[in-house]
Amino acid sequence: MIPVFEGLLLGEHNEIIVDLLFELATWHMLASLRLYTESTIRALEDSTGQLGQILWQFQATMCTAYDTYELPSEEAARGCQTAAIGAKKHQDGPSKSVDNPAKAKKRHVQKVFNLLTVTLQAGRKIV
C-alpha cells in the first residue's frame, strides 16, 4: 500500500502519510498475532505509542493544511435521514419547527479528523 501513496503529496506531508501507513501496518500485524510472547507484547506496546504520536502529528499537520467535506453519498444519506426525521415529526403531530430537508441537503458539511473517539481512546493509559 505504501508505494501507492508514496509521492502523492509533497515534502513533509508525504513523510507523515508514509510513516502513518507503515506504523498502521506494523501495529495491525502485531495485534493480529495468534501467539504472544513477552517480546511481541513489548513490540505491540511500543508500536501503539508510535502510532499515537504519528496520529497526533497527522492531526496537527495534515488536518490544518486541508479542508475536507462530506462525500456526495454522505451528504445524500444525511438528507435522507433529515427527511425521515421530518416525516416522523409530521406524523407525531404539528410542531413549532419543521426542518426543511431541501435546505439541509444543500449544506456542505466540513469534516474534521477527531482523535477523541472511543476507538482511539480505548488503549490510552490515564495517568
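Where a number appears in this text, it was derived from the coordinates with a stated rule and is not lab data. All values derive from a computational prediction rather than experimental measurement. Note that each Cβ is placed from the backbone with ideal geometry, even for glycine, and that neighbours are counted across all protein chains shown.
A few comments on the model shown:
- When the range 1-26 is filtered for residues that are free of Cβ contacts under 8 Å to residues at least 40 places away in the same chain and among the charged types (D, E, K, R), the ones remaining, listed by number, are GLU6, GLU15, ASP19, GLU23.
- Restricting attention to the range 27-52, the residues being in contact (Cβ under 8 Å) with a residue 24 or more places away in the chain and β-branched (Val, Ile, Thr) number 1.
- Count of residues meeting criterion [in a helix (DSSP H, G or I), more than 22 Å from THR117 (Cα to Cα) and β-branched (Val, Ile, Thr)] in the range 1-58: 5
- Qualifying positions in the range 18-41 - acidic (Asp, Glu) and closer than 22 Å to GLN57 by Cα: ASP19, GLU23
- Residue in the range 77-91 that is charged (D, E, K, R), in a helix (DSSP H, G or I) and surrounded by 12 or more Cβ atoms within 10 Å (Cβ to Cβ) present: yes
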